[in-house]
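Peer 1: First the structure, then my questions, so here it is.
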Amino acid sequence: MIFDPHTHTDRYSRCATVSLEKLILAEKKKVHGIVITDHDHLLNEKEAVYLSRKHGFKVLPGVEISAEGVHAHILAFGVRKEIRPNLGVEETIAKIHEQGGIAAAAHPLRYVNGLDRDKWRGLDCIETLNPHCSPKQNIKAREIALNWKIPQIGSSDVHRLPIVGTYATRFVSDIITLDQLKQAILTGEAEPITL
C-alpha cells in the first residue's frame, strides 16, 4: 500500500494553494491514501472518516508542528489534540508521545545543515525523501536515519498540485487506521519511494 504521509491544503496552511477536495482527487490517481498534515492544525477525525467514505480513498489526520520556529518541523501521527507550535524540539516530541503519537522530522535538512542527536532525542522516524529538499539534503537525511537506526518515510509535502506524485511511502501491509500507520512506521514496514 502506498501512502503520502505529508500533505497540505489551503484551508489551514497559508503556504498551500490546493483545496482539500482537489488534493484528494489528485492524490487518488497516484497513491492509496494520504495523511493531511496542515501546519499547526489537526484535521478533525470525523471529517477524515467522512472524506474517506465520500472519495473511496483513505484520508487520515496528522499535523506538521512548527518547533523552534521555521527551523524545525515535526510531523505528528496519531495525536488527538493539537500541540502548541514554537515549543522546543524535545518538548514537542514529548507532547506527541504523551498523546500516544509518533514524531517524524519533516524535511529535516531543508533549513539547517545537520541534526543534534541530543536535541532530537525520542524522534521516531525521519522524512528522507521530500521534493522541497535537494538530492544532497535527502541523501544526508537518509544517512542520519541509518546512523540513528530509525525508520524513514517519503512524501510529496504537497503545497501545490504539480508536486503530487513525487515521493511517497510504501507500506508492507494495508493501512486503514492511524494505529496501523504508526505501527508500520515504528516496525520498519515503511519504505520511502519515488513515484
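Peer 1: Test Lys95 against the criterion of being assigned to a helix (DSSP H, G or I) and out of contact with any Cys (no Cβ under 8 Å at 6 or more places or on another chain), and give yes or no. I'd like the intermediate steps shown before the answer.
Peer 2: Working: assigned to a helix (DSSP H, G or I): yes; out of contact with any Cys (no Cβ under 8 Å at 6 or more places or on another chain): yes.
Yes, satisfied.
Peer 1: Related question: Restricting segment 141-172 to residues that are free of Cβ contacts under 8 Å to residues at least 40 places away in the same chain and in contact with a Cys (Cβ under 9 Å, 6 or more places away or on another chain), which is surrounded by the fewest Cβ atoms within 10 Å (Cβ to Cβ)?
Peer 2: Top of the filtered list is Ile150.
Peer 1: Being touching a residue at least 40 places away in the same chain (Cβ under 8 Å) and touching a strand residue (DSSP E or B) at 6+ places or on another chain (Cβ under 7 Å) is true for just one of Ile34, Ile2. Which residue is that?
Peer 2: Numbers: Ile34 fails: touching a residue at least 40 places away in the same chain (Cβ under 8 Å).
None of the others qualify; the one that does is Ile2.
Peer 1: Another question about this same structure. Against the condition of a type in the set (Val, Ile, Thr), assigned to a loop (DSSP other than H, G, I, E, B) and within 30 Å of Arg53 (Cβ to Cβ), how does Ile150 come out, does it pass?
Peer 2: Numbers: of a type in the set (Val, Ile, Thr): yes; assigned to a loop (DSSP other than H, G, I, E, B): yes; within 30 Å of Arg53 (Cβ to Cβ): no.
Here the answer is no, as Ile150 does not meet what is asked.
Peer 1: Next question. As an exercise: evaluate Ile153 against (1) over 18 Å from Phe3 (Cα atoms); (2) touching a helix residue (DSSP H, G or I) at 6+ places or on another chain (Cβ under 8 Å); (3) of a type outside the set (Ser, Thr, Tyr) and give the number of the one condition it does not meet.
Peer 2: That leaves (1) as the condition not met.
Peer 1: While we're here: Among the numbered conditions (1) in contact with a helix residue (DSSP H, G or I) (Cβ under 9 Å, 6 or more places away or on another chain); (2) under 19 Å from Ala76 (Cβ atoms), tell me where Asn113 comes up short.
Peer 2: (2)
Peer 1: If we keep just the residues of segment 173-188 that are of a type outside the set (Gly, Ala, Ser) and assigned to a loop (DSSP other than H, G, I, E, B), which is surrounded by the most Cβ atoms within 10 Å (Cβ to Cβ)? Show your work before the answer.
Peer 2: The initial filter retains those residues of segment 173-188 that are of a type outside the set (Gly, Ala, Ser), namely 174-183, 185-187.
Adding the requirement that they be assigned to a loop (DSSP other than H, G, I, E, B) leaves 174-177, 187.
Values: Asp174: 12, Ile175: 26, Ile176: 13, Thr177: 12, Thr187: 11.
Ranking the candidates gives Ile175 first.
Peer 1: For segment 116-131, does any single residue satisfy the condition of being more than 20 Å from Asp38 (Cα to Cα), part of a helix (DSSP H, G or I) and without any contact (Cβ under 8 Å) to a residue 12 or more places away in the chain?
Peer 2: Checked segment 116-131: no residue is more than 20 Å from Asp38 (Cα to Cα), part of a helix (DSSP H, G or I) and without any contact (Cβ under 8 Å) to a residue 12 or more places away in the chain.
Every read-out reported here was derived from the displayed coordinates using simple, explicitly stated rules and does not represent laboratory data. Since this is a predicted model, take the numbers as computed values, not measurements. Quick reminder, even Gly has a Cβ in these numbers, built from the backbone with ideal geometry, and neighbours come from all protein chains shown.
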